[in-house]
Amino acid sequence: MRVPLLLIHGFPHGRTAWAGQVAALSDVADVTAPSLRGFDEDGDVVVPPMTIDGYAADLARHAPSPVVACGLSMGGYVALALAARFPEKVRGLVLCNTRAGADSDEARAGRGATAQRVEREGVGFLADAMLPKMLSPEFVARSPGVAAEVRAMMARQPAGAVIAALHAMAARPDRTPLLASIRVPTLVITGSADTLIPVSESEALAAAIPGARLVVLPGAAHLSNVEAPDAFDRAVREFLT
Ligand code: MLT
């Protein structure tokens, strides 16, 4: 039986962030890339107050058997929540461009202000502000079409889902104490040019999880699966097989 691979998107993304991996890895894994609560829906979506553990509970409900949980950034926060709260559902972890720590007070305040602005103005300004944090300037210059798709993916997310995720991330617990107790095979992936979550955070994450392997993709920024898909897919494929 092929390994069930659950791809968990970041913020403010949607399941299409993983389109490349769904296509590239389906020969070795049963790949699913669900949308977190409210994301990818149309119109004025009403999302109840969410927590990162709540997103993990949504995913656990739909996971038929233990999965390899692969999450990028916010998706990594959710993958760690799955490992903490539903360990029986997790047989492996791929933690991409993510961290275990909680928000600082300053980051939390920033999320609150962003949520208020999304409430007033919608998501367009956020897509513009996030794009340079997601992709390196070199990649945007080289692949303007892909960059435009990434911006459009962010801009079409419903405000309700985005606001709920901002509050969920702000309130997330520090998962650092969990890391030493993780017993499933773990791969940590990042890009050398990630400015949103610097490489040092991924190094610390990999060092704290017993037996975890770290892969740093040269030149890739935060959306490492989009910027360096071949190397990203190769690393995940090797890990799965
Ligand atoms: C993400 O890419 O999922 C978010 O930027 C993570 C975060 O804001 O902490």
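The values are calculated or read from the model by the stated rules, or taken from the named source; none is laboratory data. As the structure is a prediction and not an experimental result, all values here were calculated from the model. Neighbour counts are summed over all protein chains in view; Cβ atoms, including those assigned to glycine, are modelled from backbone coordinates with ideal geometry. We work out accessible area using only protein heavy atoms, side chains counted, and drop any ligands, DNA or RNA first. Shrake-Rupley method; radii C 1.70, N 1.55, O 1.52, S 1.80 Å.
Could you compute the FRET efficiency for HIS62 and GLU238, with r as their C-beta to C-beta distance and R0 at 22 Å, rounded to 0.05?
0.20
What does the helix-only formula give at 222 nm for the chain: each DSSP H stretch with n ≥ 4 adding -39500 (n - 2.57), the total divided by the residues, and the result rounded to the nearest 500 deg cm²/dmol? Let's see the in-between values first.
Details: 12 runs with 118 residues, N = 241.
Result for the chain: -14500 deg cm²/dmol, rounded to the nearest 500.
Dipole of the stretch 1-127 (Lys/Arg Cβ +1, Asp/Glu Cβ -1, origin at the Cα centre): which of GLY110, PRO34, LEU6 lies farthest to the positive side?
After comparing all options, I get LEU6.
Which whole number of Å³ per residue matches the convex hull of the alpha-carbon atoms in the stretch 80-208?
Cα convex hull per residue, to the nearest whole number: 127 Å³.
Reported to two decimal places, what Rg/Rh ratio describes the chain when computed on Cα atoms with Rh from the Kirkwood expression?
Details: Rg = 16.5 Å, Rh = 17.7 Å.
A ratio of 0.93.
Need one number: nm distance between label points at THR51 and ASP174, each 7 Å from Cα along Cα→Cβ, rounded to one decimal.
1.8
If you add up the charges near PRO4, with Lys and Arg at +1 and Asp and Glu at -1, over every other residue whose beta carbon is less than 13 angstrom from its beta carbon, what do you get?
So the surrounding residues net to +2.
Could you tell me the accessible area of SER181 in Å² (1.4 Å probe, neighbours in place), rounded to the nearest ten?
About 70 Å², rounded to the nearest 10.
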